[in-house]
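Read the structure below first, then the notes.
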Amino acid sequence: MKKCVGVLALQGAFREHRQVLEQLGCDVVEIRKTSDLEGIHGLIIPGGESTTIGKLLMIDELGEKIKELGAKDLPIFGTCAGMILLSKTIINSDQYSLNLMDTVVERNAFGRQVASFETDLSVPAMGSNSLRAVFIRAPYLQEVAPNVGILAEYEGKIVFARQGNLLASAFHPELTPDQRVHKYFLDMIDEHWTK
C-alpha cells in the first residue's frame with residue numbers, strides 16, 4: 001500500500017518529518033485545515049510550541065476533527081509538543097489538548113532550551129542497537145494508564161510510549177539519520193489498514 005501520511009504543519013519541525021517520510025517512500029500532506037485530513041493513512045504532530053499549536057488547532061475545528069479520527073483508530077504520532085497535545089492531562093496547564101492518550105505529561109520537564117541534550121536510548125521494540133535521541137525543551141510522561149505500553153525511559157522518566165493507534169515521543173526522531181521510529185509508525189499504519 002502506498003501510504004499517505006499527514007504532517008500537522010501549523011508550527012514547529014514539520015518539514016523535517018516530511019523529509020524522512022518522503023525518503024521512506026510515502027506521500028506526504030501538510031495539514032493546515034480540516035479538509036487536508038481527507039484520505040490520509042496516519043498523522044504526525046511535530047515538535048514546536050505546544051500552546052501555540054493548541055491555539056491554532058482550535059481554528060476551523062481542526063483539533064476536533066483530529067480527535068474524531070484518533071478515536072476511530074487513525075494512527076497518530078506526536079513528538080515533543082505532539083506528546084503534550086496527545087495527553088489527557090498536562091501538569092500545571094489548562095492549555096488545549098487532543099485528550100486522546102491516557103497519560104499525564106509534564107512540559108519542559110528536562111529544563112529550558114539550554115538544557116537540551118542528546119543521548120542513546122534503549123528501545124527493545126526497535127532492536128538491540130540503541131537509538132540516538134535529541135531532546136529539546138522536552139516533556140516526559142509522569143504517569144501512564146495500564147493500557148499504555150512504555151517503549152523507552154531516560155533516567156527513570158517515560159519518554160516514548162504507545163497506546164494502540166497512538167505513539168508519543170519526548171524526543172525528535174526527525175533530527176537524526178536513524179529512521180527506525182518513523183518505520184515503526186509506518187508499521188502501525190500498515191497494521192491499522194490491513195485489519
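Read-outs: derived from the displayed coordinates by stated rules, not from any lab. What you are looking at is a predicted structure, and each value in this text was computed from that prediction instead of being measured. Heads up, the Cβs are rebuilt from the backbone with ideal geometry, glycines too, and the neighbour counts pull from every protein chain shown.
Quickly run through region 57-76 and pick out the residues that are buried (at least 17 other Cβ atoms within 10 Å of the Cβ) and assigned to a helix (DSSP H, G or I).
Residues satisfying the conditions are 57, 62, 63, 65, 66, 67, 69, 70.
Looking only at region 77-92, decide whether some residue is more than 23 Å from residue 185 (Cβ to Cβ) and part of a strand (DSSP E or B).
Yes; the residues of region 77-92 include at least one that is more than 23 Å from residue 185 (Cβ to Cβ) and part of a strand (DSSP E or B).
Of all residues in region 19-29, which are over 13 Å from residue 40 (Cβ atoms) and out of contact with any Pro (no Cβ under 9 Å at 6 or more places or on another chain)?
Scanning region 19-29 gives 19, 22, 23, 24, 25.
Where residues in region 124-169 are in contact with a helix residue (DSSP H, G or I) (Cβ under 8 Å, 6 or more places away or on another chain) and not in a strand (DSSP E or B), which of them is surrounded by the fewest Cβ atoms within 10 Å (Cβ to Cβ)?
Going through the qualifying residues, I end up with 127.
Residues being in contact with a Lys or Arg (Cβ under 7 Å, 6 or more places away or on another chain) and either closer than 18 Å to residue 15 by Cα or of a type in the set (Val, Ile, Thr) (or both): count how many of those fall in region 149-195.
Going through region 149-195 one residue at a time, the tally reaches 4.
Do you know which residues across region 136-157 are on the phi < 0 side of the Ramachandran plot and touching a residue at least 40 places away in the same chain (Cβ under 8 Å)?
Those that are on the phi < 0 side of the Ramachandran plot and touching a residue at least 40 places away in the same chain (Cβ under 8 Å): 136, 138, 139, 141, 142, 143, 144, 145, 147, 148, 157.
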